[in-house]
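First the structure, in the form of structure tokens, and then the observations on it.
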Amino acid sequence: MIRFASSALAFSLLAGAAVAEPVAYDFDKSHANLAFSYNHLGYSTTEGRFGEWEGTLLIDQDAPANSSIEFVIDVNSLDTFWADRDKHFLSADFFEAEKFPKASFKSTSVEKTGENTLKVTGDLTIKDVTKPAVLDVTVTTIGEHPMVKKPAAGFAVTSTIKRSDYGMDKFVPYVGDEITVTFHAETLEAATN
């Protein structure tokens with residue numbers, strides 16, 4: 001009888017773990033930055049950012065493979081800190097933003113690679129061209145936020161993509177083809193209804 005009860009308890013715990021759902025987190029945009037940089041003629045590194053984007057993040061701390069992220073970027077929010085360059089980047093030579101105003105990333109797998117690191121693989125779509133992309137993620141902190149007293153997580157994300165893969169090969173190879181993308185963010189557990 002005791003053996004049966006112990007087995008039933010173990011089964012119920014396993015069943016409970018199996019049906020646990022990933023938890024939704026909201027991005028704190030006041031503490032987030034989506035940026036990019038590239039080599040300019042070998043003389044300098046030019047930087048920019050996207051100011052408007054939306055993300056859906058689900059975190060499963062116990063089984064990171066069940067976590068996921070989806071991201072939609074407003075291409076017209078591009079800012080390279082130089083208006084004429086911004087206008088050129090939004091033209092048909094590059095993003096063709098009038099025709100393709102959104103870019104997106106949707107994860108297809110999440111792999112834990114270290115104590116606080118992850119490899120997130122997914123589909124990156126720019127100008128209606130979809131290619132696989134890999135994000136290297138460092139979880140900077142996860143735990144109770146000291147100010148708002150609710151679960152929070154912080155991330156530092158890097159990736160390298162080739163702009164020519166998305167039909168943006170103007171001035172390659174003189175202006176760098178490889179674009180380094182960085183994303184720093186704080187998130188808070190989403191309110192439940």
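The values are calculated or read from the model by the stated rules, or taken from the named source; none is laboratory data. Everything quoted here is computed from the prediction, not taken from an experiment. Methodologically, a virtual Cβ is constructed for each residue, glycine included, from the backbone with ideal geometry; neighbour enumeration extends over all protein chains shown. Just the protein is used for accessible areas: all its heavy atoms, side chains included, with ligands, DNA and RNA removed. Shrake-Rupley method; radii C 1.70, N 1.55, O 1.52, S 1.80 Å.
The table below gives the values:
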read-out: Segment Ala65-Thr130, length gained on full extension (0.36 nm per residue, minus Cα span); value: 21.2 nm
read-out: Trp82 versus Glu111: modelled label distance in nm, points set 7 Å from Cα along the beta carbon direction; value: 3.8
read-out: Residue-averaged [θ]222 nm for the chain, counting only DSSP H segments that reach four residues, each worth -39500 (n - 2.57); value: -4000 deg cm²/dmol
read-out: Cα→Cβ-extended label distance, 7 Å offset, between Leu188 and Glu52, nm; value: 2.4
read-out: Coil-residue chymotrypsin sites (Phe, Trp or Tyr not before Pro) of region 24-129, DSSP, other Cβ within 10 Å capped at 13; value: Tyr43, Phe81, Trp82
read-out: Dipole of the chain, positive direction: furthest Cα of Phe94, Ser77, Asn33, with charges on the beta-carbon; value: Asn33
read-out: At most 13 other Cβ within 10 Å, DSSP loop - trypsin sites (Lys or Arg not before Pro), region 49-152; value: Lys99, Lys149
read-out: Radius 12 Å from Cβ of Ala65, net charge of other residues (Lys, Arg +1; Asp, Glu -1); value: -1
read-out: Debye, to nearest 20: dipole size of the chain, +1 on Lys, Arg Cβ, -1 on Asp, Glu Cβ; value: 300
read-out: Carbon + sulfur, % of accessible area of the chain - ligands and nucleic acids excluded, 1.4 Å; value: 56
read-out: Whole-number accessible area per residue in Å² for the chain, which is evaluated in the context of all protein chains at 1.4 Å; value: 63
